[in-house]
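Participant: Got a structure for you, written out below as structure tokens; questions coming shortly.
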Amino acid sequence: MKIDAHHHFWKYTEAEYGWIADKMRDLRRDFLPEDLERIVNNARIDAVVSVQARQSLEETRWLLKLASRHDFIQVVVGWAPLTLPNAREILENLRENPKLKAVRHVLQDEPDDDYMLGTGFNQGIRELTDIDLTFDILIHERHLPQALRFVDRHPEQVFVLNHIAKPKIRDHELEPWRGLMMDLAERENVCCKISGMVTEADWENWTQDDLKPYLDTVFEAFGPQRLLFGSDWPVCTIAGSYEQVVSIVADYMSGLSPDEQAAVWGGNARKAYRLGE
């Protein structure tokens, strides 16, 4: 099974999706399962992981409803208020839907870069661990030092790093990102999504060669057994087509064994999100 481990749906309103800036205006419309299903079928992708795009329980429940109506949506990565005293109750209620497998918080947009180290937030992560929910880490490169400290507090928690921590691909800068990623990969409870790369590159002029040093790094750091393919559709479309994003990974992995390729295309997503459990 080939799995796209990262994409989004939304019904666009300016109030709810204010992060979609003018330079991303093509994203200012609805993106729904009917739109994606045709695209993934053409790309021979069998299933997808739907990831939250705004921080509300309303959206999480909406994504779960979409997943119940569309079999190709196998996993929902929702949002929940992890810092609330009743976070456990909220999570257990969401967990009653078997497609809720993970939670994400938009750490990259928190005004405090140390937000992930806060007491309340870490108590919420402990609740995730107790009820077997994965946590998706959404950060920029500058947050990697905090992410190392954060992950070390939760050695039993499964983490999935999104968008290879958004390195400065546009500026062709590898350090300090590369060294910090090598350190993070030493934590065996952390996986990494090969996603979001084209939008960190020069949208109009990126080439496969621009991306190669970053792919080299994550494959060296995490290996094929802890990397997940993700398209980041529809956000990726501001810099490239869905087919281009798929071909980036396919071309890079052409020299790997069939088992290694199968792991990145879907096997690792099945493990990270406990598909079948």
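The values are calculated or read from the model by the stated rules, or taken from the named source; none is laboratory data. All values reported here derive from a predicted model rather than from experimental measurement. Cβ atoms come from the backbone with ideal geometry, glycine included; neighbour counts cover every protein chain shown.
Participant: Within the range 221-238, is there a residue that is in contact with a Pro (Cβ under 9 Å, 6 or more places away or on another chain) and either over 26 Å from residue 101 (Cβ atoms) or among the aromatic types (Phe, Trp, Tyr) (or both)?
Facilitator: no
Quick grid of which residues meet (1) at pLDDT below 95; (2) closer than 28 Å to residue 274 by Cα; (3) not hydrophobic (A, V, I, L, M, F, W, C):
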{"site": "134", "(1), (2), (3)": "no, yes, yes"}
{"site": "144", "(1), (2), (3)": "no, yes, no"}
{"site": "149", "(1), (2), (3)": "no, yes, yes"}
{"site": "154", "(1), (2), (3)": "no, yes, yes"}
{"site": "178", "(1), (2), (3)": "no, no, yes"}
{"site": "195", "(1), (2), (3)": "no, yes, yes"}
{"site": "199", "(1), (2), (3)": "no, no, yes"}
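Participant: On the given criteria, is residue 125 part of a helix (DSSP H, G or I), more than 20 Å from residue 188 (Cα to Cα), at pLDDT 95 or above and among the hydrophobic types (A, V, I, L, M, F, W, C)?
Facilitator: Judged against the criteria, residue 125 is not a match.
Participant: Quick one: would you say residue 63 is modelled with pLDDT of 95 or more, over 25 Å from residue 152 (Cβ atoms), over 16 Å from the mean Cα position of the chain (by Cα) and crowded, with 18+ Cβ neighbours inside 10 Å?
Facilitator: no
Participant: Still on this structure, please answer the following. Checking residue 182 against (1) surrounded by 15 or more Cβ atoms within 10 Å (Cβ to Cβ); (2) outside any loop (DSSP other than H, G, I, E, B); (3) among the aliphatic types (A, V, I, L, M), which test does it fail?
Facilitator: (1)
Participant: Tell me which residues, restricted to the range 188-207, are over 15 Å from residue 167 (Cβ atoms) and in contact with a Phe, Trp or Tyr (Cβ under 8 Å, 6 or more places away or on another chain).
Facilitator: Hits for the range 188-207 are 189, 190, 191.
Participant: Can you find a residue that is under 20 Å from residue 245 (Cα atoms) and either in contact with a strand residue (DSSP E or B) (Cβ under 9 Å, 6 or more places away or on another chain) or of a type in the set (Ser, Thr, Tyr) (or both) anywhere in the range 88-100?
Facilitator: no
Participant: For residues in the range 14-52 being of a type in the set (Gly, Ala, Ser) and under 30 Å from residue 267 (Cα atoms), which is surrounded by the fewest Cβ atoms within 10 Å (Cβ to Cβ)?
Facilitator: 43
Participant: If you don't mind, another one. Kindly check whether there is at least one residue in the range 103-111 that is buried (at least 21 other Cβ atoms within 10 Å of the Cβ), modelled with pLDDT of 95 or more, touching a helix residue (DSSP H, G or I) at 6+ places or on another chain (Cβ under 9 Å) and over 22 Å from residue 33 (Cβ atoms).
Facilitator: Yes, the range 103-111 has at least one match.
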